[in-house]
Amino acid sequence: MYRYDEFDAAFVAERNRQFRAQVERRIDGSLTEEEFRPLRLMNGLYLQLHAYMLRVAIPYGTLDSAKMRQLAYLAERWDKGYGHFTTRQNIQYNWPELRDVPDMLDALAEVGMHAIQTSGNTIRNVTADHFAGAAADEIADPRPVAELIRQWSTDHPEFQFLPRKFKIAVTGAPNDRAVTAAHDIGLRIVRNDAGEIGYAVLVGGGLGRTPMIGKVINGFVSQADLLPYLEAIVSVWNLLGRRDNKYKARIKITVHEHGIDAIREMVEARFAEVRPQFSGVDLELLRGIEAQFAAPAFRNAPTDAYDAARDADPVFRAWADTNLSAHRAPGYAIVEISLKAHGATPGDATAEQMRVMADLAERFGHDELRISHEQNVVLPHVHKSDLPELHAILRAHGLATANIGLVSDIIACPGMDYCALATARSIPIAQEIATRFDELKIEHEIGALKIKISGCINACGHHHVGHIGILGLDRAGVENYQITLGGDHTQDAALGERTGPGFSAEEIVPAIETIVTTYLSEREGPGETFLETYRRVGMGPFKAALYPAKGTSKDEARADAA
Amino acid sequence: MPRPFTPKVVTANALLEGDVVYLAEDGSWTRRLSEAELLTDEADAQIRLIEAEKRTSEVVGVYLADMAPGDAGPEPVHFREAFRRTGPSNRFHGKQADA
Ligand code: SF4
C-alpha cells in the first residue's frame, strides 16, 4: 500500500501544529471567525446544522486495518460512536467539539491520515475505482496514476488560482465504477492495438447545478504524454474559464460554450508547447509509485469450503450472489460489505463495526479495505475458502445485508439532517424506501437498481446518474422531491430525465414504489434490468403511472408549483 | 401596505460545542428554543442581531430566524429551524437527546 514519505509526514505534523495554535487563538479571541473559517475549512472542519463536522480524506478510498481501527477510535473517543462514509470516499464525524479537533488530527496523523482538503480553486484529490488492484476486468490499477497526478498537481505554480475547483477520477477497467464521466477530467485506462497502456481522456463532466456528461477529447494518450496532456487541458481552461460567474466557471461550461472540437484543437496546440518540458522523470516516478501499490502475494488453495457453503446455506448463497465480485486472481473474490442494512442510515458504521471490518481485513483480506463512492466498504482480496467464516462474523455484527446493487443499496447524502446547505432531507427517504422494499420482499426479484438521493442541487448524492434519482428541494417552505429516471453512472453515462412535478415527503416513497411496479409489469422478463426497460419503453408508462389523473385541479396546482 | 413583520429569534451555533443556541431575553444564550426571546418588532430585531454578532467569542454564524408565537414559546415557521431545534431525524442525537 502507498505510504506517505517523510516529507508528507512532516508536512502533516506541521499543519496540525499550526491548526492547534489557530484553534487556541480562535478560542481566546485573537482570531475572528472570518479569519478562522478558511483555516478550519482547509483542515476539513465544517460547521453544520447541529454541530461541527470533521471530514477525513481517504485517498482513493484505500485503507488498512490500522487506519480503520483509528477511525473507530476517533468515533468513540471524540464523537458519538459512529462515522459516516461519503460518496467522495471520505469519512465524516458529525459531532466533534472545537477543542478536540486538534487531538483528532494528531490521532489521524499517527496512522498517516489527515483531514487536509486540497480546498479552494485547485486540483482536488484524485479518486479511483474502489475495486482498484483487484477487479477481474481491470487493465491496470488506476491508483498509481491517480497518485502521480496528485503529486504533479499539488503546489503546481500555474494551478493554484484556477477559475474553480477541479476534480479528476481514474478507472482502470472498462466497467467504469469511478463515475469518470461526471468529473472535470475522467481517465479510463485502455490498451491500444499495439497492446500499450494509455488513457482515454474525458473532459467537461460534472453534476451539480448544470449537470453534464464528460466528452472524449482524446481516445488514447500514452503514459509518457499524460501529464503534459492534462497540463494542456488545465491551462486552456485556465485561459478560457469564466471567472466572472461562479456558476459558469467549471470546465464543463467552457466545453459546452466552445464545443469539444474547438477545445481539442486548443489543447493539441498547447500540448505541442508543453510536451518538451516533460523529460520522462514523471514516468520514472510512476514506476516507483506502482511498486508501492504492488498486489499482495495471493495464495493458491482449493475453494471447496466455499462451494459447500453455497450449496448448504441459502442465506450465504444470497449474500454471495449480491455482495461478491469477480477477482483477477483465481480462487479470490472481492467482498462488498453493505452499510445499507434496511432502515439504517446509508454509509454509517459504528466504531464496533469498523473494528470488525478491520479485523476481517487483517485476518482474511491481506490487510486491505476500500471505501466505495456508493458508501459501502470493500474487502478487495479475500480467498473464497475464507468466505463462509467471514460471512458468519459479518452476520453476527449486522454487516451481512445481501443487497449490493439492489433497490435498498441507496446512495444518500447527509441532507437536511446534518448539512447546512441542504434544502430537504435525504436520509429518512432512503431509510423508508429500503424498509418498504424489505417488507415487500421483492428486491431480489427487482434486481439491479440504483437509487441515488441528494438533499440539494449540489448533487453530492449523484442523483442525476441514479437509475432513479431523487432531489430534495424546498418548495415554499415544504420538502419536495423531484424524480429523474434513466441516469447511469457507468461507461455508458447518462443523465436522468425528470418525470414531472415533484412529490411531498409523504408521497415520495409510494411514488418510488409505483415506478418499480411499473417496471416489473413492463419488463420483458427478469433478465431485463430497470435501466434496460426504461431505455426500451421510455418515460411514457412511468409518467402515466405517476400522474394518473391528468388535468385534475390538484395536478395543475402541482405543475404550477414545479 | 408594508408587509407584516414575521417575528424572529436570534440564533447561532455555540463556538466550542457547535450546538444550536438562541438568544434569551436576559441576553444569555439558551439551548432551548422555548426559552428564546421572540422579537416582534423589526427595529428591535436588528438591534438584537447586531449586538449578538459582536459576541464572536461565544457563538458562530448569528442570524435571525422566522418564528411564530406559540403556547410554549417561539415555534419554527420553516422546517429547517424545526430540525435545528430537535436534532437529526435518523438518530436520537442533538437536542432531542439532551431534553
Ligand atoms: S447534496 Fe446538498 S444537502 Fe446533500 S450533502 Fe451535498 S450540499 Fe449537503
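The values are calculated or read from the model by the stated rules, or taken from the named source; none is laboratory data. Note that the structure is a prediction, hence the values are computed from the model and not measured. So basically every Cβ, Gly included, is an ideal-geometry build from the backbone, and we count neighbours across all protein chains shown. Areas reflect the complete protein model, heavy atoms only, side chains present, ligands, DNA and RNA absent. Shrake-Rupley method; radii C 1.70, N 1.55, O 1.52, S 1.80 Å.
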_Go through region A:319-361 and report how many residues are among the aromatic types (Phe, Trp, Tyr) and assigned to a strand (DSSP E or B)._
1
*Only residues in region A:200-218 that are closer than 17 Å to A:Leu421 by Cβ count as the first member; pair them with residues that are assigned to a loop (DSSP other than H, G, I, E, B) and among the polar types (S, T, N, Q), Cβ under 7 angstrom, at least 6 apart or cross-chain, and list the lot.*
A:Gly208/A:Asn458
*Of all residues in region A:447-459, count the ones that are more than 12 Å from the ligand (Cβ to nearest atom) and on the phi > 0 side of the Ramachandran plot.*
1
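Please note which helices (runs of 4 or more DSSP H) are completely contained in region A:242-303 and include at least 2 residues that are open to solvent by 60 Å² or more (accessible area, probe 1.4 Å) and either of a type in the set (S, T, N, Q) or under 22 Å from A:Ile149 (Cα atoms) (or both). Even if it seems obvious, please write down each step before you answer.
Working: elements: A:251-258, A:260-274, A:281-292.
Qualifying helices (runs of 4 or more DSSP H): A:260-274, A:281-292.
Do you know which of the residues in region A:8-50 that are in a loop (DSSP other than H, G, I, E, B) and within 14 Å of chain B (Cβ to nearest Cβ) is farthest from B:Gly94 (Cα to Cα)?
Within region A:8-50, the subset in a loop (DSSP other than H, G, I, E, B) is A:28-32, A:43-44, A:48-50.
Filter once more, so that each one left must be within 14 Å of chain B (Cβ to nearest Cβ): A:28-32, A:48-50.
Working: A:Asp28: 26, A:Gly29: 26, A:Ser30: 29, A:Leu31: 28, A:Thr32: 26, A:Gln48: 12, A:Leu49: 10, A:His50: 7 Å.
Step by step, filter region A:8-50, then rank; the result is A:Ser30.
Please go through region A:398-424 and give me each residue that is of a type in the set (A, V, I, L, M), away from the ligand (no atom under 13 Å from the Cβ), under 19 Å from the mean Cα position of the chain (by Cα) and more than 14 Å from chain B (Cβ to nearest Cβ), ordered by number. I'd like the intermediate steps shown before the answer.
Pass one, region A:398-424, residues of a type in the set (A, V, I, L, M): A:399-400, A:402, A:404, A:406-407, A:410-412, A:416, A:420-422, A:424.
Of the ones still in play, those that are also away from the ligand (no atom under 13 Å from the Cβ) are A:399-400, A:402, A:404, A:406-407, A:410.
The next check asks that each one be under 19 Å from the mean Cα position of the chain (by Cα); those that pass are A:404, A:406-407, A:410.
Answer for region A:398-424, where residues must be of a type in the set (A, V, I, L, M), away from the ligand (no atom under 13 Å from the Cβ), under 19 Å from the mean Cα position of the chain (by Cα) and more than 14 Å from chain B (Cβ to nearest Cβ): A:Ile404, A:Leu406, A:Val407.
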*Pick out the one residue from A:Ile427, A:Ile433 that is within 14 Å of chain B (Cβ to nearest Cβ), within 11 Å of the ligand (Cβ to nearest atom) and at pLDDT 95 or above.*
A:Ile427
*What tally of residues in region B:78-95 results from selecting those that are assigned to a helix (DSSP H, G or I), open to solvent by 50 Å² or more (accessible area, probe 1.4 Å) and more than 8 Å from every other protein chain (Cβ to nearest Cβ)?*
2
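So if I check each of B:Thr30, B:Thr11, B:Thr56, which one is touching a Leu at 6+ places or on another chain (Cβ under 9 Å), among the hydroxyl-bearing types (Ser, Thr, Tyr) and surrounded by 21 or more Cβ atoms within 10 Å (Cβ to Cβ)?
Working: B:Thr30 fails: surrounded by 21 or more Cβ atoms within 10 Å (Cβ to Cβ); B:Thr56 fails: surrounded by 21 or more Cβ atoms within 10 Å (Cβ to Cβ).
Selected residue: B:Thr11, the only one of B:Thr30, B:Thr11, B:Thr56 that is touching a Leu at 6+ places or on another chain (Cβ under 9 Å), among the hydroxyl-bearing types (Ser, Thr, Tyr) and surrounded by 21 or more Cβ atoms within 10 Å (Cβ to Cβ).
Of all residues in region A:460-485 being among the small types (Gly, Ala, Ser) and touching a helix residue (DSSP H, G or I) at 6+ places or on another chain (Cβ under 9 Å), which is nearest to the ligand (Cβ to nearest atom)?
A:Gly461
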*Considering each residue of region A:377-397, count those that are in contact (Cβ under 8 Å) with a residue 60 or more places away in the chain and within 22 Å of the chain's Cα centre (by Cα), and give that number.*
4
*Collect the residues in region A:356-370 that are surrounded by 20 or more Cβ atoms within 10 Å (Cβ to Cβ) and either of a type in the set (Lys, Arg) or within 20 Å of A:Asp79 (Cβ to Cβ) (or both), keeping them in residue-number order.*
A:Val356, A:Met357, A:Ala358, A:Leu369, A:Arg370
*asked:* For region A:141-156, give me the residue count where each residue is assigned to a helix (DSSP H, G or I) and either closer than 30 Å to A:His381 by Cα or open to solvent by 30 Å² or more (accessible area, probe 1.4 Å) (or both).
replied: 10
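Looking at A:Ala294, A:Ala272, which one is at pLDDT 95 or above and over 30 Å from A:Asp488 (Cβ atoms)?
Numbers: A:Ala294 fails: at pLDDT 95 or above.
Being at pLDDT 95 or above and over 30 Å from A:Asp488 (Cβ atoms) holds for just one of A:Ala294, A:Ala272, which is A:Ala272.
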